[in-house]
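Since the structure comes first, as structure tokens, the remarks are kept for the end.
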Amino acid sequence: MNLTEILGGLPTEAISIWPVVPLRRHPEADAIDEAVVDWLVGHGLCEPGSTQARSHVAATLANALSFGRAKAVAAYAYYGTWAFLWDDHLDALAADPLELGHHIAEANWALTAPFTAYLPDNKWLVSLRDSRRFWEDSWDPAAVERMTAANADWFMGQLSKAMLMRRPTAPTVSEVLRMRLQKAGMWSAATATANAGGYRLSAAEHADPRVRAFMYAAYGPAAVLNEFLGVAKELVKPETGRTNLVSAIACEHALDLAAAITTAWELYERIGCLALALQAQLLHDVRPNVARLAAELPQWIPATVDIMTTSVRYQEIPGHGVLDVPTVTLTDTPVFWDPQDLTPPPYPDIAWWWDQLA
């Protein structure tokens, strides 16, 4: 299946991507990936040798947490890889929002209820509860609780997307941005970065507007990046609904597909430029945990670029075949956006991030 044909003739044979920061690979990434795949197979979530088993999601999560200790990184990789597969499972329930909402509520119960509490016999619920065991073996109780709260935010993003898919009117760019940042697991990523490193921001540090803006900006490009393949899936499977950022930009600004994709790429890069600007300020913060998070969190961006350009997970549209893989070149500078231009975009939902620059 040719991506150029899907996107209406847009040239996609070669793509240049600015990963914002260089990728740093975790030395135990492959071993973590192997252990996680064995765990997934043991819970019946995928078959040995299947596309899911060969996607290297756990290795990618380890690379995103490349500054962390192996055991603490693996604790997140079990849950995070489960989340990738569960996200695909939810697509099968999307046609029935009542069933999907009930299933998400059951998953929340599985993660938050004590291990002694009753749990329905469902492989997704059983494996999710089991994934928490790795947290408790590797992180302190406060870190576990913060990740549990971050997971609830991700669950709300799943519900938000399901509702937007069923709504007869197309979502606005602002609605998609708010949904996407939740559904992409932004708070889980930020929490995992600290948990893997054995530190934690205080409540006051976590609530600091500049720190929050940085966390959004340092993960935001990873969330936007997913939308470029998402729009291809929407064009092939229109029944999935227009909940993609590129689709929303095209609709709201009356742009053709090529212009909408360019606008989305600009947004990806301008958020990346903001992340670097905020990082430069926070690296000198007197609060050591804030400074450390500033150094480590942007690794989620190149790790996402790596998996989306190399993993079999992103080379196939279920039921429609395998995509031709474009040639990807990594660049040291933005392709579409002037890195010196730190003006906020015309979306108030994220424009406040730029207001936090000193």
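The values are calculated or read from the model by the stated rules, or taken from the named source; none is laboratory data. None of the values given here were measured: they were computed from a predicted structure. Cβ: placed from backbone, ideal geometry, glycine included. Neighbour counts: every protein chain shown. All accessible areas refer to the heavy atoms of the entire protein, side chains included, with ligands and DNA or RNA removed. Shrake-Rupley method; radii C 1.70, N 1.55, O 1.52, S 1.80 Å.
What the table below lists for this structure:
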quantity	calculated
Residue count, segment 179-199 (criterion: within 18 Å of Trp135 (Cβ to Cβ) and modelled with pLDDT under 95)	2
Listing of helices (runs of 4 or more DSSP H) fully contained in segment 135-208 that carry 1 or more residues being closer than 24 Å to Ile271 by Cβ and touching a Pro at 6+ places or on another chain (Cβ under 6 Å)	141-166
Residue selected from segment 316-333 under the condition assigned to a loop (DSSP other than H, G, I, E, B) and closer than 14 Å to Phe228 by Cβ, by the criterion modelled with the highest pLDDT	Pro326
Of all residues making up segment 115-135, the number that are out of contact with any helix residue (DSSP H, G or I) (no Cβ under 6 Å at 6 or more places or on another chain) and free of Cβ contacts under 8 Å to residues at least 40 places away in the same chain	8
Residue within segment 241-255 that is among the small types (Gly, Ala, Ser), modelled with pLDDT of 70 or more and surrounded by fewer than 18 Cβ atoms within 10 Å (Cβ to Cβ) present	yes
Qualifying positions in segment 137-170 - among the acidic types (Asp, Glu) and over 23 Å from the mean Cα position of the chain (by Cα)	Asp137, Asp140
Residue match in segment 200-214 (condition: closer than 22 Å to Trp39 by Cβ, open to solvent by less than 30 Å² (accessible area, probe 1.4 Å) and in contact (Cβ under 8 Å) with a residue 12 or more places away in the chain)	no
Test set (1) closer than 30 Å to Ile261 by Cβ; (2) open to solvent by 10 Å² or more (accessible area, probe 1.4 Å); (3) touching a residue at least 60 places away in the same chain (Cβ under 8 Å); (4) of a type in the set (Gly, Ala, Ser) - Ala162 fails condition number	(2)
Exclusive hit being in contact with a helix residue (DSSP H, G or I) (Cβ under 8 Å, 6 or more places away or on another chain), of a type in the set (A, V, I, L, M, F, W, C), within 22 Å of Thr327 (Cβ to Cβ) and at pLDDT 95 or above, set Leu23, Leu10, Leu40	Leu23
Restricting segment 113-134 to residues that are among the aromatic types (Phe, Trp, Tyr) and outside any loop (DSSP other than H, G, I, E, B), the residue that is nearest to Val41 (Cα to Cα)	Trp124
Qualifying residue in segment 58-69 (condition: more than 20 Å from the chain's Cα centre (by Cα), aromatic (Phe, Trp, Tyr) and surrounded by 15 or more Cβ atoms within 10 Å (Cβ to Cβ))	no
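Yes or no, residue by residue, for (1) touching a Gly at 6+ places or on another chain (Cβ under 8 Å); (2) free of Cβ contacts under 8 Å to residues at least 40 places away in the same chain; (3) open to solvent by 60 Å² or more (accessible area, probe 1.4 Å):
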{"residue": "Pro19", "(1), (2), (3)": "no, no, no"}
{"residue": "Pro22", "(1), (2), (3)": "no, no, yes"}
{"residue": "Asp33", "(1), (2), (3)": "no, no, no"}
{"residue": "Leu40", "(1), (2), (3)": "no, no, no"}
{"residue": "Gly49", "(1), (2), (3)": "no, yes, no"}
{"residue": "Gln52", "(1), (2), (3)": "no, no, yes"}
{"residue": "Lys71", "(1), (2), (3)": "no, no, yes"}
{"residue": "Ala92", "(1), (2), (3)": "no, yes, yes"}
{"residue": "Glu106", "(1), (2), (3)": "no, yes, no"}
